[in-house]
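> Take a look at the following structure, please.
The values are calculated or read from the model by the stated rules, or taken from the named source; none is laboratory data. Treat the numbers as computed from the prediction; the structure is a model and nothing was measured. Reconstructed Cβ throughout: ideal geometry from the backbone, glycine too, with neighbour counts over all protein chains shown.
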Amino acid sequence: MTIYLLAILAVWRLARMLAYEEFVFSLFVKMRRYIASRDNIPLWVLSGITCPLCLSFWIALPVAFLIKSQSESLWLRWLGIAGGAAFLERLTK
């Protein structure tokens with residue numbers, strides 16, 4: 001159970017960092033600007049890079065994959081971690 005709480009906190013924190021923060025040398029700002037400046041980028045990608053809910057959904061997938069479990073399936077771990085991160089994001093608003 002502790003591993004899932006840590007996973008939720010990690011996914012939530014990383015999603016917020018990527019969506020809102022600058023990071024070292026404004027790395028995340030540069031990344032968002034670079035993606036936004038590209039031609040033919042779908043609208044869902046442009047809005048997704050500034051949305052911690054969207055980012056946490058996709059970040060949770062590799063995290064869920066890394067958590068080995070005999071009892072839960074991958075999709076259940078994925079959606080559970082993403083849902084927990086989304087819940088934390090909603091609490092902070």
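> Take W75 and decide whether it is under 12 Å from the mean Cα position of the chain (by Cα) and in a helix (DSSP H, G or I). Quick ask: steps written out before the conclusion?
Details: under 12 Å from the mean Cα position of the chain (by Cα): no; in a helix (DSSP H, G or I): yes.
No, not satisfied.
> I've got another one for you. Kindly indicate the residue of the range 42-91 that is β-branched (V, I, T) and touching a residue at least 12 places away in the same chain (Cβ under 8 Å) and also surrounded by the most Cβ atoms within 10 Å (Cβ to Cβ) among those meeting that condition.
I81
> To continue, here is another question. I want to confirm something. Restricting to the range 1-38 and keeping residues that are among the β-branched types (V, I, T) and touching a helix residue (DSSP H, G or I) at 6+ places or on another chain (Cβ under 9 Å), which single residue is farthest from G83 (Cα to Cα)?
I35
> Condition test on F25, is it assigned to a helix (DSSP H, G or I), without any contact (Cβ under 8 Å) to a residue 40 or more places away in the chain and on the phi > 0 side of the Ramachandran plot?
For F25, the condition - assigned to a helix (DSSP H, G or I), without any contact (Cβ under 8 Å) to a residue 40 or more places away in the chain and on the phi > 0 side of the Ramachandran plot - is met.
> Additional query: Before we move on, is I35 without any contact (Cβ under 8 Å) to a residue 60 or more places away in the chain, of a type in the set (V, I, T) and surrounded by 12 or more Cβ atoms within 10 Å (Cβ to Cβ)?
Criteria met by I35.
> Another question, if that's okay. Quick check on the range 1-18. Is at least one of its residues of a type in the set (S, T, Y) and either touching a residue at least 60 places away in the same chain (Cβ under 8 Å) or touching a Ser or Thr at 6+ places or on another chain (Cβ under 9 Å) (or both)?
Yes, that holds for at least one residue.
> Among the residues of the range 42-68, write down those that are farther than 16 Å from I8 by Cα and of a type in the set (G, A, S).
Correct list: S47, G48.
> Do we find a residue being outside any helix (DSSP H, G or I), touching a Phe, Trp or Tyr at 6+ places or on another chain (Cβ under 8 Å) and at negative phi anywhere in the range 52-65?
No: zero hits.
> Among the listed residues S56, S69, S37, S73, identify the single one that is at pLDDT below 95, closer than 14 Å to A7 by Cα and of a type in the set (S, T, N, Q).
From the options S56, S69, S37, S73, the qualifying one is S69.
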